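Written out below as structure tokens is the structure these notes cover.
The values are calculated or read from the model by the stated rules, or taken from the named source; none is laboratory data. What you are looking at is a predicted structure, and each value in this text was computed from that prediction instead of being measured. All Cβ positions, glycine included, derive from the backbone under ideal geometry; neighbour counts span all protein chains shown. Remember, those area values only see protein heavy atoms, side chains included, never the ligands or the DNA or RNA. Shrake-Rupley method; radii C 1.70, N 1.55, O 1.52, S 1.80 Å.
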Amino acid sequence: MEWFTFQSSTESSNNKHHNELYAEKLPVKQLAEQYGTPLFVYSRRALETNFQAYHQAMADWPHLICYAVKANSNLAVLNVLARQGAGFDIVSVGELERVIAAGGDTGKVVFSGVAKQRHEIRRALEVGVHCFNIESEQELERIQEEALSMNKVARISLRVNPDVDAQTHPYISTGLKDNKFGIDIDRAPDVYARAAELSHIEIVGVDCHIGSQLTTTEPFIDALDRLLMLMDKLKTKGITLKHLDIGGGLGIQYQDETIPSPSDYLVTVKEHLVQRGYGDLTLMVEPGRSIAAQAGIMLTRVELIKPAAEKKFAIVDAAMNDLLRPSIYSAWHTIVNTVERPDIESHQYDVVGPVCESGDFLGKDRPLTVLEGDLLAVYSAGAYGFVMSSNYNSRNRAAEIMVDGDQAYVVRQRETIEEQFASERLLPEA
Ligand code: LLP
């Protein structure tokens with residue numbers, strides 16, 4: 001969390017020194033006062049540095065980094081990455097329109113997802129995406145039909161399911177035979193053979209995505225080996241591919257996990273490609289979390305401290321509708337007080353929101369030195385944070401800020417009550 005650091009500052013009223021949290025060069029307290037809470041704060045430098053970690057690791061190899069838009073689809077985030085030369089992995093026409101609106105290059109877009117609708121396929125063909133990652137035989141036929149009707153050629157890759165265990169949370173594990181994703185790797189040669197017969201389909205690659213928040217490289221390498229075996233088989237049938245896309249999935253440190261860097265991971269991938277005679281294959285990746293997660297925090301104000309019989313609760317103004325991960329995956333996010341308080345006692349708190357569900361918590365049993373009115377920061381909230389937020393309990397969605405050095409930009413305004421209802425209608429009278 002290099003871009004969110006504690007720095008010494010002086011409170012003008014009593015001239016006391018204390019440490020407080022900064023986002024790049026701005027004290028987060030100032031952002032919360034100016035823009036309110038809950039507030040997502042992103043660091044431009046962090047996004048760029050995380051993207052560059054991939055770029056540097058692949059600089060000696062033909063490559064394309066397709067940032068997974070679902071992780072954080074704010075237009076400013078996409079724009080910052082587009083300016084770095086990023087491609088994009090999308091799963092809906094909504095994400096495609098965001099990439100276009102953010103100035104992304106549609107020629108660097110891969111279109112994933114298990115059920116692309118016909119109108120989505122048509123729009124993707126119209127703007128010329130790099131390729132469709134095909135997840136079923138039925139979808140292949142559907143894309144052929146649409147391409148034929150538009151007299152366009154659809155570039156395709158098959159998303160194969162390599163049947164490897166990503167050893168992650170079951171909800172975000174996608175590469176096992178019983179998952180809904182991808183085409184069984186044993187069926188893939190036949191599906192490629194069928195694709196080769198279709199008039200408006202051009203085969204360009206193969207891809208997989210075995211899961212998210214992976215903490216070791218072994219499952220990636222197992223999957224890669226299986227993809228390369230498939231490519232060997234395809235070669236004997238006269239089918240050669242231009243690219244191999246190993247998906248996203250590299251984890252981040254939420255708590256005390258040790259995570260390989262993009263470079264550790266990609267060096268091993270490249271070695272395997274060379275050993276297996278695929279030194280000229282374009283390598284593609286679809287990272288989401290490892291680019292965006294540590295580039296964001298969520299700020300939330302402590303409304304009340306409630307000392308219940310068994311434990312203390314810090315009730316904050318952010319809730320499961322703002323950051324859903326703790327509730328649905330029991331995910332652990334570091335929570336800190338943004339001002340250090342050496343003079344008060346630390347207690348264990350459950351940090352909870354005001355939503356009417358016992359599952360509405362941001363963290364449990366956290367040691368905090370905190371008073372009512374304090375500003376807390378929830379770390380690692382740049383990925384799968386705002387994008388998974390909702391209006392549950394009729395709560396307005398939070399604002400998003402991007403910090404760039406000593407400048408802060410509102411990249412999404414806080415929703416208003418009027419905006420929340422704007423598209424709802426009453427029934428006619430009587
Ligand atoms: N490519 C495909 C086809 C994907 O389905 C995903 C994520 C990615 C790339 C990016 O994976 P990443 O590098 O971010 O791990 N909401 C969950 C994560 C769901 C991931 C879904 N697919 C969470 O909050 O942990």
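Element breakdown for segment 112-287 at a 1.4 angstrom probe: carbon and sulfur atoms account for 47% of the accessible area. Between GLY363, GLY251, GLY288, the GNM of the chain built on Cα springs shorter than 10 angstrom shows GLY363 fluctuating the most. Per-residue ellipticity at 222 nm computed for the chain from its helices equals -8500 deg cm²/dmol, with DSSP H segments shorter than 4 residues left out and the rest contributing -39,500 (n - 2.57).
Run the numbers for LYS311 and ASP190: contour at 0.36 nm per residue of separation, minus the present Cα-Cα distance, in nm. Walk me through the numbers on the way to the answer.
On the way: separation 121, 0.36 × 121 = 43.56 nm, distance 5.94 nm.
Length gained, LYS311 through ASP190: 37.6 nm.
How would you classify segment 344-411 from its alpha-carbon gyration tensor, with a ≥ b ≥ c the square roots of the eigenvalues: rounded for a/c under 1.5, else prolate if a/b is greater than b/c, otherwise oblate? The partial results should precede the final answer.
Details: a/c = 2.17, a/b = 1.23, b/c = 1.77.
In terms of gyration-tensor shape, oblate.
Under 5 Å from the amide H of VAL411 lie the amide H atoms of GLU400, ILE401, MET402, each residue being 5 or more positions distant or on a separate chain, with H modelled from the backbone and absent for Pro and chain starts. Each residue of segment 227-243 was assigned a 3J(HN,Hα) from its phi angle through the Karplus curve 6.51 cos²θ - 1.76 cosθ + 1.60 (θ = phi - 60°); the sequence is 5, 5, 4, 4, 5, 4, 4, 5, 4, 5, 9, x, 9, 10, 10, 8, 9 Hz, with glycine and proline shown as x. Ligands, DNA and RNA excluded, the heavy atoms of LYS180 present near 150 Å² of accessible surface to a 1.4 Å solvent probe.
For the chain, treating each Cα as an identical point scatterer without solvent, what Debye log10 I(q)/I(0) comes out at q = 0.11, 0.14 1/Å? Values returned for q = 0.11, 0.14 Å⁻¹ are -0.87, -1.25.
Could you let me know the centre-to-centre spacing of segment 257-320 and segment 400-430, using Cα atoms, in angstrom? Taking the Cα centre of each part, segment 257-320 and segment 400-430 sit 27 Å apart.
How far is the Cα center of segment 361-385 from the Cα center of segment 116-158, in Å? Cα centres, segment 361-385 to segment 116-158: 44 Å. With R₀ fixed at 45 Å, the C-beta to C-beta distance from GLU141 to ARG341 puts the FRET efficiency at about 0.10.
The residues of segment 112-287 present an accessible area of 42 Å² per residue when probed at 1.4 Å with all protein chains retained. For the pair THR216 and ASP406, the difference between a 0.36 nm per residue extended length and the Cα-Cα distance amounts to 64.8 nm.
Solvent-accessible surface of segment 1-95, averaged per residue with a 1.4 angstrom probe and all protein chains in place: 41 square angstrom.
The mean sequence separation of alpha-carbon pairs under 8 Å and at least six residues apart, normalised by the residue count of segment 33-124, gives a relative contact order of 25 percent. When only Cα pairs below 8 angstrom with a gap of at least 6 residues are kept, the chain shows a relative contact order of 19 percent.
Ranked by the mean number of other Cβ atoms within 10 Å per residue, highest first, peptides 320-327, 234-241 order as 320-327, 234-241. Extension gain for the segment SER394 to LEU304, taken as residue separation times 0.36 nm less the Cα-Cα distance, is 30.3 nm to one decimal. With R₀ fixed at 35 Å, the C-beta to C-beta distance from GLU197 to ASP225 puts the FRET efficiency at about 0.80. Centre-to-centre, using Cα atoms only, segment 73-94 and segment 187-207 are separated by 28 Å. Taking 7 Å steps out from each Cα toward its Cβ at SER8 and LEU371 produces label points 2.2 nm apart. When the charge dipole of segment 1-140 is built from unit charges on Cβ atoms (+1 for Lys and Arg, -1 for Asp and Glu) and taken about the Cα centre, the candidate among ALA124, SER43, PRO27 whose Cα reaches farthest toward its positive end is PRO27. For VAL336, VAL302, the ranking by accessible surface with the largest value first comes to VAL336, VAL302, using a 1.4 Å probe. Taking amide H as placed 1.01 Å from N in the peptide plane, ARG366 has its amide H under 5 Å from the amide H of TYR349, ASP350, VAL351, each at least 5 places away in sequence or on another chain.
Projecting label points 7 angstrom from Cα along Cα→Cβ for MET150 and TRP61 puts them 3.1 nm apart.
Backbone geometry of segment 125-136 corresponds, through the Karplus equation with coefficients 6.51, -1.76 and 1.60 at θ = phi - 60°, to 3J(HN,Hα) couplings of 5, 4, 8, x, 5, 4, 6, 9, 8, 8, 10, 7 Hz, x marking Gly and Pro.
Taking the average, over residues, of other Cβ atoms within 10 Å as the packing measure, peptides 191-197, 73-79, 156-162 rank 156-162, 73-79, 191-197 from highest down. On the beta carbon distance between GLU419 and ARG122, with R0 = 30 Å, the FRET formula returns roughly 0.50. Couplings 3J(HN,Hα) of segment 187-192, computed from phi: 7, 4, x, 5, 5, 4 Hz, in residue order, whole Hz [Karplus 6.51 cos²θ - 1.76 cosθ + 1.60, θ = phi - 60°; x for Gly and Pro].
Hey, what angle do you get for helix 137-150 against the long axis of the chain, alpha-carbon based, 0 to 90 degrees rounded to 10? Tilt of helix 137-150: around 80 degrees. Close amide H contacts of ALA381 (hydrogens built in the peptide plane, cut-off under 5 Å, sequence separation of 5 or more or a different chain): GLY296, ILE297, MET298. Accessible area of SER199 (1.4 Å probe, protein heavy atoms only, ligands and nucleic acids ignored): about 80 Å².
Of the GluC sites (Glu not before Pro) in segment 28-105, not one is in a loop by DSSP (not H, G, I, E or B) with at most 10 other beta carbons within 10 Å.
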